[in-house]
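Quick note: the coordinates plus some simple rules give every number you see, no bench work behind them. Being a predicted model, the structure only gives us computed values, none of them experimental. With ideal geometry, Cβ positions are generated from the backbone for all residues, glycine too; neighbour counts draw on all protein chains shown.
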Amino acid sequence: MNIVVFISGRGSNLEALLNDQNNYQITHVIGSKKGIKGFDVAEKHGITHSYINWQDKNRAEAITLEILSEEQPDLIVLAGFMKILSADFVAQFKNKIINIHPSLLPAYPGLHTHQRVLNDKQTEHGASIHFVDSLLDHGQVISQTRIKVNPEDNAESLASKLITKEHKLLVETVGQIANEQIRWHNNTLFHNNIPLEKPIVII
Ligand code: GRF
C-alpha cells in the first residue's frame with residue numbers, strides 16, 4: 001500500500017510511520033510550511049518531500065493534486081497537517097484520507113485540545129484517528145487511545161504523555177488498513193469483517 005503523508009510541523013508521527021513500513025510504503029511527504037522539522041525526518045529516510053505554499057489554497061490544492069496523480073497513493077495520512085482541505089479535494093479521495101487528532105472525538109475538534117480538556121476538568125483525554133470528510137476533525141472515527149488526566153497535569157505534560165501513544169495508534173491503525181483488517185465495503189467500515197460500531201481501542 002502506497003501512502004502520501006501531509007505534515008505542517010515536527011513530523012514525529014511521520015517518523016513513527018517511516019520506522020514501521022511493515023506492510024506499506026511512504027512514497028512522498030507534502031508539507032505546508034517551509035523549513036519544518038518533518039522535512040528533515042523525510043530527508044533522513046530518503047523520502048521525496050515537497051513544500052507547498054498554502055497561501056493560495058486553490059493553487060496549493062491544484063499542485064498537490066498533480067503530485068497525487070503521479071503517486072497514485074492508496075491512502076493519504078494527515079499527520080499534524082494544519083490546513084483544512086476543501087470539500088472538492090476531499091471528495092476526490094473518498095474514504096482514502098485519514099487524520100490523527102489529539103482528542104477523543106467527537107469531543108474537542110479544533111485547536112488547543114489539551115488546554116480545553118484541562119479547563120473542563122476532564123479526567124480522561126486521548127487521541128483519535130478518523131476518515132476525513134469536508135468538516136473539521138469530522139468523519140468516521142476508526143480508533144482511539146486514552147490517557148488519564150491527573151490533577152498536576154498541564155497542557156505540555158498531557159501533550160508529551162499523549163504523543164507516544166499517538167505514534168502507536170497511528171502505526172497500528174495504518175497497519176490494519178494496509179492488511180485490510182480495516183476496510184470499507186458498500187459505505188460501511190468493517191474491522192475484522194464486522195461492521196465497526198465503536199472506535200477500535202489501541203492501548
Ligand atoms: C499531533 O499531536 C497530532 O495529533 C496533531 O498534531 C500533532 C503533530 O505532531 N494533529 P507531529 O508533527 O507528528 O510531531
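Computed quantities for the displayed model
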quantity: Top-ranked residue of segment 101-131 - restricted to ones that are surrounded by fewer than 22 Cβ atoms within 10 Å (Cβ to Cβ) and assigned to a strand (DSSP E or B), ranked as farthest from the ligand (Cβ to nearest atom); calculated: Glu124
quantity: Search result, residues across segment 4-15 that are within 13 Å of the ligand (Cβ to nearest atom) and buried (at least 20 other Cβ atoms within 10 Å of the Cβ); calculated: Val5, Phe6, Ile7, Gly11, Asn13, Leu14
quantity: Matching residues in segment 172-191 - criterion: being without any contact (Cβ under 8 Å) to a residue 12 or more places away in the chain and either closer than 21 Å to Leu17 by Cβ or surrounded by 11 or more Cβ atoms within 10 Å (Cβ to Cβ) (or both); calculated: Glu180, Gln181, Arg183, Phe190
